[in-house]
Each structure stands twice: as structure tokens, then as C-alpha cells.
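Q: The following block contains the structure, expressed as C-alpha cells.
The values are calculated or read from the model by the stated rules, or taken from the named source; none is laboratory data. Keep in mind that what you see is a predicted model, and the values were worked out from it rather than measured. Positions of Cβ are generated from backbone atoms using ideal geometry, with glycine treated the same way; all protein chains shown enter the neighbour counts. For accessibility, only protein heavy atoms count, side chains too; no ligands or nucleic acids. Shrake-Rupley method; radii C 1.70, N 1.55, O 1.52, S 1.80 Å.
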Amino acid sequence: MANAKYEFVPGDEITIAPGRTVKRIRALVAISYFASAGSLGGYIESEKSLEVSGDAWVYGDALVSGDARVYGDARVSGNARVYGDAQVYGNAQVYGDAQVYGDAQVYGDAQVYG
């Protein structure tokens, strides 16, 4: 599925469980100061993982899967993993080797890293 913010990179995907894959994204437009048009992003399982409006972005080798969502102006980067029903939103950042999962919510100006 195409949208005005990003596209899936053909052939660049990771199998995370039988029958489930995450696909690398590429920015179609500049996203704030951290992604220019054409920049590779991280991996998401579906378009509902990353909101199209706002400056939310997943980059590096970060991965968002399951029913997890990243939206608003939030960022997930590095080797971070967001999965399950977790939500990252507002100006929140999840990075490094951090994992956010289950019903966790990271929001506001929060930073989760490790």
C-alpha cells in the first residue's frame, strides 16, 4: 500500500515469526530534520504501525510489529523494538536497544533507551 509519507522497500524484509514479516520503509518526503526524501527507515509490519500524518518515524534497524503504533512526532531508532499493543506517541523517543511491548505507552517528551 502506498501513502504520501513512505513506501515499503521491495525485497527488504525480515521474518519475525512464521507467516509474519516486517518490511523496511523509505521516506517519500522530508520528515522533520531526521529524514530527507529517499532516506531509508526502519522496519514495520504494516501501515497501521506508523501513522502517516505528523513527523513520527522509525529508522535505523528499529522494528515495530504486532498491533504496536508509532504516531504524533514520536521516533523509534537504533535497534529498538516496539511490539504487542504498545504505543509510542507525542514527542517520545525509543532508541538504542530498548524494547517497549505489551500494553505499554510511551508519550509526551519521554525517552526510553538502553
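Q: Identify all residues within the stretch 47-72 that are part of a loop (DSSP other than H, G, I, E, B) and crowded, with 16+ Cβ neighbours inside 10 Å; write none if there are none.
A: Glu51, Gly54, Asp55, Ala56, Tyr59, Gly60, Ala62, Ser65, Gly66, Ala68, Tyr71, Gly72
Q: Could you pull out the residue among Gly102, Gly114, Gly90, Gly108 that is open to solvent by 20 Å² or more (accessible area, probe 1.4 Å), at pLDDT below 95 and farther than 20 Å from Ile25 by Cβ? Walk me through how you get there before you give the answer.
A: On the way: Gly102 fails: at pLDDT below 95; Gly90 fails: at pLDDT below 95; Gly108 fails: at pLDDT below 95.
From the options Gly102, Gly114, Gly90, Gly108, the qualifying one is Gly114.
Q: Could you list all residues from the stretch 79-114 that are under 13 Å from the mean Cα position of the chain (by Cα) and among the charged types (D, E, K, R)?
A: Arg81
Q: Right, another one. Taking the stretch 28-62 as the region of interest, how many residues are under 12 Å from the mean Cα position of the chain (by Cα) and of a type in the set (A, V, I, L, M)?
A: First, the residues of the stretch 28-62 that are under 12 Å from the mean Cα position of the chain (by Cα): 40-52, 55-62.
In the following step, the residues that additionally are of a type in the set (A, V, I, L, M) were identified as 40, 44, 50, 52, 56, 58, 62.
Total satisfying the criteria: 7.
Q: State which residue is most open to solvent (accessible area, probe 1.4 Å) when the search covers only the stretch 18-27 and only residues that are in a strand (DSSP E or B) and within 14 Å of Ser46 (Cβ to Cβ). Lay out the reasoning, then the answer.
A: The first filter runs over the stretch 18-27 and keeps only residues in a strand (DSSP E or B), leaving 20-27.
Checking the rest, the ones that are also within 14 Å of Ser46 (Cβ to Cβ) come to 20-25.
Working: Arg20: 88, Thr21: 39, Val22: 0, Lys23: 69, Arg24: 29, Ile25: 0 Å².
So, considering only residues that are in a strand (DSSP E or B) and within 14 Å of Ser46 (Cβ to Cβ), the one most open to solvent (accessible area, probe 1.4 Å) is Arg20.
Q: Given the criterion out of contact with any Ser or Thr (no Cβ under 9 Å at 6 or more places or on another chain) and acidic (Asp, Glu), identify the matching residue among Asp73, Asp97.
A: Answer to the check: Asp97.
Q: Given the residues Ala37, Ala4, which is the only one that is among the aliphatic types (A, V, I, L, M), open to solvent by 40 Å² or more (accessible area, probe 1.4 Å) and modelled with pLDDT of 95 or more?
A: Working: Ala4 fails: modelled with pLDDT of 95 or more.
When all the criteria are applied, what remains is Ala37.
Q: Still on this structure: Of the conditions (1) loosely packed, with under 13 Cβ neighbours inside 10 Å; (2) of a type outside the set (Lys, Arg); (3) not in a strand (DSSP E or B), Pro10 fails just one. Which one is it?
A: Only one criterion is unmet by Pro10, namely (3).
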